[in-house]
Amino acid sequence: MPRLPAVIELLPTLREAGIDWPPGPSRVTRHGDSAELTVVLLELIRAGHKRGRTELWLALDHDKEPLPEAGMTEIVVDHRHRPVLLTRVNRVELCRYDRVTPEHAAIEGEGDGSLTYWRKARWASFSRECARIGEKPSESMLVVCSVFEVLAQVRPGAGPSAAPAG
């Protein structure tokens with residue numbers, strides 16, 4: 001995947017949309033590893049169904065991306081790297097893949113919300129990530145589970161406007 005833009009590169013777009021950047025730690029992030037999946041996941045977030053995510057620690061480390069931390073502000077971009085959401089991380093836990101809880105799977109809000117669905121979907125995506133970085137997936141691989149809230153939405157195609165999270 002191409003490198004994500006830096007926070008500073010996206011701040012003018014957010015300012016034009018009337019979004020003030022909060023102080024503190026921040027990062028740019030994307031949900032999904034394909035254009036199609038990104039569209040689906042962003043719709044789940046906008047609809048209020050998805051309020052959690054799980055990232056592969058090895059991939060974050062390989063890409064030298066910052067780990068999410070409680071209080072961190074995230075600019076979420078779409079598959080074209082355009083900012084679409086501003087979120088705040090509320091909770092983070094580092095754990096093994098095989099120790100992710102049914103509660104976290106439900107917070108992620110994908111599929112039927114079950115741990116069974118989560119394991120199947122995440123195994124597929126983490127296997128792709130592992131292949132990309134030259135690693136092998138395992139039940140004991142470390143993952144970063146986070147819970148977030150939406151602070152603002154940048155309306156696509158609406159010019160410089162933002163809507164408060166709702």
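The values are calculated or read from the model by the stated rules, or taken from the named source; none is laboratory data. Being a predicted model, the structure only gives us computed values, none of them experimental. No Cβ is skipped: glycine too gets one built from the backbone with ideal geometry, and neighbour counts run over all protein chains shown. Remember, those area values only see protein heavy atoms, side chains included, never the ligands or the DNA or RNA. Shrake-Rupley method; radii C 1.70, N 1.55, O 1.52, S 1.80 Å.
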| query | What part of the accessible area of the stretch 15-162, given as a whole %, is carbon or sulfur when the probe is 1.4 angstrom? | reply | 52 percent
| said: Using a 1.4 Å probe on the protein heavy atoms only, what accessible surface does Arg30 show? Give it in Å² to the nearest 10. | reply: 30 Å²
| message | Below 8 Å between Cα atoms, with a sequence gap of 6+, how large is the relative contact order for the stretch 26-116 in percent? | response | 32 percent
| For the chain, accessible area per residue (1.4 Å probe, heavy atoms of protein chains only), Å² | 52 Å²
| field | Shape metrics for the stretch 1-99, restricted to C-alpha atoms - Rg then Dmax, Å | value | 13.5, 43
| query | For Glu36, what charge total do you get from the other residues with a beta carbon under 12 Å from its beta carbon, if Lys and Arg give +1 and Asp and Glu give -1? | reply | -3
| said: Using the crude model of +1 on Lys and Arg Cβ and -1 on Asp and Glu Cβ, and no other charge, please compute the dipole size for the chain relative to its Cα centre, in debye to 20. | reply: 140 debye
| said: Output the 0 to 90 degree angle, nearest 10, between the alpha-carbon long axis of helix 7-16 and the longest principal axis computed from the alpha carbons of the chain. | reply: 40 degrees
| request: Compute the acute angle (0 to 90°) between the alpha-carbon long axis of helix 115-133 and the principal axis of greatest extent of the alpha-carbon atoms of the chain; round to the nearest 10°. | output: 80 degrees
| Within a Gaussian network of the chain (alpha carbon springs, distance under 10 Å), most fluctuating of Arg27, Arg82, Arg132 | Arg132
| message | Rounded to the nearest 10 Å², what accessible area does Trp57 have for a 1.4 Å probe in the complete protein model? | response | 80 Å²
| Given that just one value was derived from the coordinates, which of (1) 0.95; (2) 1.05; (3) 1.08 is Rg/Rh (Cα atoms, Kirkwood Rh)? | (1)
| message | Can you find, among Thr38, Leu11, Ser26, the residue sitting farthest towards the positive end of the charge dipole of the stretch 1-42, where Lys and Arg contribute +1 and Asp and Glu -1 at Cβ? | response | Ser26
